[in-house]
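Below: the structure, in structure tokens.
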Amino acid sequence: MDRVELSKMTAEQLAERFAALTLAEAEARAVHDVAKSQQLRKELSDLENTLSERGEDGQKALLLLAGHCDEAVWLEAAAATLRTMNDVKIAPKYSRKLAKQANRILAKVTNAPSRDERETSSPS
């Protein structure tokens, strides 16, 4: 998809495209398809540049992905949000949500309880 086509897409369409490309790129990496992974990373980079050029609207498109069910998607969206931040402030609610999700992933990887689980199970 070229930059002209991306420029015609709505924020929601860009968010959907971002999620689809992220999932496809993760799959390509999983099967060690380097050429496909590189091609998809290039498409993601073009999409991210389009979002960055849109400023606050681009940020909003990425914010739509904060609650995505796939961890790869919301992590990539979080990283893209940080990379595309110019003078646009990230929403505090989004920051807290990302922090909680990151804590849950870290807990899964380390087999330790998440902060939320520790707080609810500790005696008062």
Residues of the stretch 21-54 satisfying the condition of being outside any helix (DSSP H, G or I) and surrounded by fewer than 14 Cβ atoms within 10 Å (Cβ to Cβ)
VAL31, HIS32
State whether the residues of the stretch 91-110 include one that is in a loop (DSSP other than H, G, I, E, B) and either at pLDDT 65 or above or touching a Ser or Thr at 6+ places or on another chain (Cβ under 7 Å) (or both).
no
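Every residue, every condition in (1) without any contact (Cβ under 8 Å) to a residue 12 or more places away in the chain; (2) within 17 Å of GLN13 (Cβ to Cβ), yes or no:
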position: LYS42; (1), (2): yes, no
position: LEU51; (1), (2): no, yes
position: LEU65; (1), (2): no, yes
position: ASP70; (1), (2): no, no
Please verify whether the stretch 31-40 includes one or more residues that are under 16 Å from ALA11 (Cα atoms), in the same structural domain as ALA11 (by TED's automatic domain parsing) and hydrophobic (A, V, I, L, M, F, W, C).
no
Flag for SER37 being more than 20 Å from GLU5 (Cβ to Cβ) and either among the hydroxyl-bearing types (Ser, Thr, Tyr) or in contact with a Cys (Cβ under 7 Å, 6 or more places away or on another chain) (or both)
yes
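The values are calculated or read from the model by the stated rules, or taken from the named source; none is laboratory data. On a predicted model such as this, the values are computed, not experimentally measured, just so you know. Methodologically, a virtual Cβ is constructed for each residue, glycine included, from the backbone with ideal geometry; neighbour enumeration extends over all protein chains shown.
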